[in-house]
2 protein chains.
Amino acid sequence: MKNLIIASTSTLHGSGYLEYIMPELETHFAHCQMIVFIPYARPGGITHDEYTEKVAQTFARIGKEVVGLHTFENPAESIKNAEAVFTGGGNTFLLVSELYRYGVMEPLAEALTNGTPYLGSSAGSNITGLTMQTTNDMPIVYPPSFRTLGMIPFNLNPHYIDADGQSKHMGETRETRIKEFHAFNAVPVLGLREGSWIEVKGERITLKGELSARLFRQGLDAVELETGCDLGFVR
Amino acid sequence: MKNLIIASTSTLHGSGYLEYIMPELETHFAHCQMIVFIPYARPGGITHDEYTEKVAQTFARIGKEVVGLHTFENPAESIKNAEAVFTGGGNTFLLVSELYRYGVMEPLAEALTNGTPYLGSSAGSNITGLTMQTTNDMPIVYPPSFRTLGMIPFNLNPHYIDADGQSKHMGETRETRIKEFHAFNAVPVLGLREGSWIEVKGERITLKGELSARLFRQGLDAVELETGCDLGFVR
């Protein structure tokens, strides 16, 4: 039975790393001693070790051990045996490239389908969708495919942000970018604002956190979904 | 002899399409009757015809005819014979995919190297760099390669925007994204603010417009370059 928390962001403004969601994570990881951390997305280019250390310090507060996937000789095998998995944010192109390079994409999908508790934030959430094509990240490396884990039957746009009516910047708004995606793709996209997350329990998919989320579907007007909403109809 | 105008944006806030740069374009295209327009980037998903019509209306004001590259049976051949070329903005992943699909990337690079006057804006500017890896766009389609025209020996980040110190949004700033690019790539990146453009005349590359631009190089602090600056040292 699937058991995932898929968060828009790791960090809220003015708050510590994962702080806003820690009570939720205590329950989520209650039956695990050790969490395997996937540091591949390397935010700001930090090393795997630096990133893992930061995550280890955070989870030490709730008595969990954290080990970086990069420290195992056979990452694919380690994912199969993991008690729990957390994939942190950073660059989604890099994360997806590394998951393919180390042959982790498929065993990870299999493990999550079989019930390994999972936490994703930002890029680590992006990969739970059907494809990574609604990421906000720069294509700093060329992945062999844009296909991702498909743990939910739609795509995500983490760090979703509404257009700023006061801005004089002419770059595309997030909504325009997603509209461009829908000119070529039928996959629904959920714009997940910072502080929101999705809970997946078996086949049940629920919007959590204090905010509403914005749902984009090909050929339809975007709609706001209230927190607590059952997302089963999004496919 | 190369002859390019590479603009950050087509449109400034509160001003018409290409309006801010039209005096420059009158000189740039002075000896051309007809401009071949590459509409592949399809901003907001508009059709090739709609996009070409918008551009045709704009250039009619300075007495130029515009024809869309999508109307030719053999786009690669048409590029070779073009008097002048303009590539408009939109989605860079889509633009690059279509340039490869229609076999236009190579003949376009050849034509520009041989002196065909070129205008690029936004996505149409991105492709003049070595790769499209510092685009801001979403990967809505999967291009066969990230390599682009290489008309300048560096990459661009069009619509460059400084971090907003007041923002509570935790998504990566533009500067952080470019830093992530430099964790894996040695190519310099010029952050080109809206209203700035680069002029390429033969081997001379000059920053134009009213604003400074921000230069990012691997392992070095970012620096501001004043308008009028000779960009020959950036490689």
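With the charge dipole of the stretch B:68-133 set up from +1 on Lys and Arg Cβ and -1 on Asp and Glu Cβ about the Cα centre, the Cα lying farthest toward the positive end among the listed residues B:GLY120, B:ALA84, B:LEU69 is that of B:GLY120. Among beta bridges identified by DSSP and lying wholly in the protein assembly as shown, the antiparallel ones come to about 50 percent.
Remark: relative contact order (chain A) = 21 percent; criterion is Cα-Cα distance under 8 angstrom and separation of 6 or more residues.
Its Cα centre serving as origin, chain A has a Cβ charge dipole (Lys and Arg +1, Asp and Glu -1) of approximately 360 debye. Rounded to the nearest 5, the antiparallel percentage of DSSP beta bridges internal to the stretch A:3-233 is 50%. Mean partner shielding of peptide B:176-185, defined as the number of other chain Cβ atoms within 10 Å of each residue Cβ, is 6. As a calculated quantity, the FRET efficiency between B:ALA30 and B:SER145 at R0 = 35 Å, using C-beta atoms, amounts to about 0.50.
Scaled to the globular estimate 2.2 N^0.38 Å, the Cα spread of the stretch A:62-147, given as radius of gyration, is 1.06. For the rotational copies A and B, the chain A residue with its Cβ nearest the relating axis, together with that separation in Å, is A:PRO139, 3. Peptide B:140-148 is shielded by partner chain Cβ atoms: per residue, an average of 4 of them sit within 10 Å of its Cβ. Which one of A:HIS13, A:HIS169, A:HIS159 has the biggest mean-square fluctuation once chain A is modelled by GNM with Cα springs under 10 Å? Ranking A:HIS13, A:HIS169, A:HIS159 by mean-square fluctuation puts A:HIS169 first. Comment: the Cα-to-Cβ extended label point of A:PHE72, at 7 Å, lies 5.3 nm from its counterparts in the other copies, nearest first.
Among A:134-147, B:142-155, B:218-231, sorting by the average number of other beta carbon atoms lying within 10 angstrom of each residue, highest first, gives A:134-147, B:142-155, B:218-231. For the stretch B:116-213, taking Cα atoms only, Rg and Dmax work out to 14.0, 46 Å respectively. Building the convex hull from the alpha-carbon atoms of chain B and averaging its projection over directions returns 12.6 nm². Is there a pair in A:LYS80/B:LYS168; A:LYS54/A:LYS80; A:LYS2/A:LYS54 whose C-alpha atoms are over 31 Å apart, and which pairs would that be? Pairs exceeding the cut-off: A:LYS80/B:LYS168.
Only helices enter the 222 nm calculation for chain B: every DSSP H run of n ≥ 4 contributes -39,500 (n - 2.57), and dividing by all residues gives -7000 deg cm²/dmol, rounded to 500. Which of B:SER196, B:SER15, B:SER167 ends up with the largest GNM mean-square fluctuation for chain B, with Cα atoms connected below 10 Å? Taking springs between Cα atoms under 10 Å, the residue moving most is B:SER167.
Across the copies of the chain, B:ASP230 has label points (7 Å from Cα along Cα→Cβ) spaced 7.1 nm apart, shortest distance listed first. Once the Cβ-Cβ distance of A:MET1 and B:VAL223 is raised to the sixth power relative to R0 = 60 Å, the FRET efficiency obtained is 0.65.
Residues whose amide H lies under 5 Å from that of B:VAL66, counting only those 5 or more places away or on a different chain, are B:ILE35; hydrogens are built 1.01 Å from N in the peptide plane.
Just so you know, all these numbers are worked out from the coordinates, no wet-lab data involved. Owing to the predicted nature of the structure, the values given are computational and were not obtained by experimental measurement. Don't worry about glycine lacking a Cβ; one is built from the backbone with ideal geometry, like all the others, and counts go over all protein chains shown.
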